[in-house]
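Participant: Quick one: this structure, given as structure tokens, is what I'll be asking you about.
Coordinate-derived values only; no laboratory data. Computed from a predicted model, the values in this text were never measured in an experiment. Note that we place each Cβ from the backbone using ideal geometry, even for glycine, and neighbour counts take in every protein chain shown.
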Amino acid sequence: MESRAVLFDRTGGPEVLRLEKVTLAEPGPGEVLVRIDAIGLNRGEALFRSGGYWYEATLPGSRLGGEAAGEVVAVGPGVAEVAPGDAVSVLAVGTTMSGSGVYGDHAVVPASTLLPRPADMDALTGAAVWLSYLTAYGALVEVGKVAPGDHVVVTAASSSVGVAAIQIVAALGGVPVAVTRSADKEAQLRAAGAAHVLVADGGPDVAAKVREVTGDAGARIVLDSVAGPGLADLATLVARGGTLIVYGWLDPRPAPLPRNWPLNIWGYALYALVEDPEALRRGQAFVHAGLRDGTLAPLIDRTFDLEEIVEAHRHMEANGQVGKIVVTVRH
């Protein structure tokens, strides 16, 4: 069938992206054709597009994207878990974006990347919730074992994972401490549930403020997506015997080994959750329950049309967002 897809032929800035017509093959064994209604943007896709991701794009003509919501159109041989007409979310963790990226109006993806989308979950929410909330859930609950009263420092707090982490910590009775580079985001982060908001640049010393809000004990968990040379300083925010969980590398420079031992350091990836059926089941149940009772609610920063994908990536790289950027698809 003929479809529209976002492609790029060389790595670089948002301007390398283009929207054009492509021909999609019928889904093969274990694959599903999905009509895409909404796409959730993630920082890793900007890294992939620019050549800074952990694996390289297959060029020219690479596709892009790993999170979306839509409806099953057709299934390939051997697929029994979904059927045409089913509402689904796509969480393509562990697949190569070049071949099965979801930036487009249709995509052929492995059936294993689909999550059922309940009738009360619209496409915007279905595209905005899973990568962010499952990442935060896996890191904080499955690994960090966050408990009531725990102080949890969240860096890059205005990101979609940061907002999810704030809400999850608050829902479990913890004390979310948001770290941001912009004082302009304080009100939104507090509205999302942050008990404290610390400005990293041009504001008070973060380490001193963390000691102040934790009674000089430090945070039991620090959740970080930046890494880089600042990691050693960030580790000083962790309470004795606490855990530093690093789930991203926005700063690609080498990160020194922190030395404020005893300290638990955990490099977290969503693969750990998605590849464990029981952990994934627990994560889905946790998120669904939070959505139902209102303790979890994806914060959508801004929506763009598919035709505006270059502008959407520029907005993401401007670092002004609070929450998730979603691209909608008109059919």
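Participant: With runs of 4+ DSSP H residues as the only contributors, calculate the mean residue ellipticity of the chain at 222 nm using -39,500 (n - 2.57) per run, divided by the residue total and rounded to the nearest 500.
Facilitator: So the helix-based figure for the chain works out to -7000 deg cm²/dmol.
Participant: Sticking with this structure for a sec: Relative contact order of the range 137-244, please, whole-number percent, based on alpha carbon pairs below 8 angstrom and at least 6 residues apart.
Facilitator: Once normalised by length, the contact order is 26 percent.
Participant: Here is a further query. Using a 10 Å cut-off on Cβ atoms, rank the peptides 187-197, 251-261 from the highest mean neighbour count down.
Facilitator: 187-197, 251-261
Participant: Please list, in order along the range 110-127, the HN-Hα scalar couplings obtained from phi with the Karplus expression 6.51 cos²θ - 1.76 cosθ + 1.60 (θ = phi - 60°), rounded to whole Hz, x for Gly and Pro.
Facilitator: Whole-Hz 3J(HN,Hα) from phi for the range 110-127: x, 4, 5, 8, 9, 10, x, 10, x, 4, 8, 10, 6, 5, 4, 5, x, 8.
Participant: Mind ranking 166-179, 41-54 by how tightly packed they are, going by the mean number of other C-beta atoms within 10 angstrom, highest first?
Facilitator: 166-179, 41-54
Participant: Check F304: other-chain or 5+ apart residues with amide H under 5 Å from its amide H, H built from backbone geometry?
Facilitator: V326, V327, T328
Participant: What number comes out for the charge environment of A279, summing +1 per Lys or Arg and -1 per Asp or Glu over other residues with Cβ under 15 Å away?
Facilitator: Residues close to A279 contribute a combined charge of -1.
Participant: Counting only other residues whose beta carbon sits under 10 Å from that of G218, what net charge do I get with K and R as +1, D and E as -1?
Facilitator: Local net charge: +2.
Participant: Relative contact order of the range 47-153: what whole-number percent is it, with Cα pairs under 8 angstrom and at least 6 residues apart? Don't skip to the answer; put the middle values down first.
Facilitator: Details: 125 pairs, mean separation 27.3, N = 107.
In percent, rounded to a whole number, it is 26.
Participant: Grab the beta carbon distance between R282 and T23, set R0 = 41 Å, and tell me the FRET efficiency rounded to 0.05.
Facilitator: Working from the Cβ atoms, E equals 0.55.
Participant: In the neighborhood of P77, defined by Cβ-to-Cβ distances under 14 Å, what is the net charge if each Lys or Arg adds +1 and each Asp or Glu adds -1?
Facilitator: -3
Participant: Between E275 and D293, 0.36 nm times their residue separation minus their Cα-Cα distance comes to what? Could you put the intermediate results ahead of the total?
Facilitator: Details: separation 18, 0.36 × 18 = 6.48 nm, distance 2.74 nm.
Contour length minus Cα-Cα distance gives 3.7 nm.
Participant: Moving on. Can you quote the Å³ per residue value for the convex hull of the Cα atoms in the range 131-272, rounded to an integer? Working shown, then result.
Facilitator: Values: hull volume 13.8 nm³, N = 142.
About 97 Å³ per residue, rounded to a whole number.
Participant: Quick one: check the C-alpha center-to-center distance for the range 64-85 versus the range 125-183, whole angstrom.
Facilitator: 29 Å
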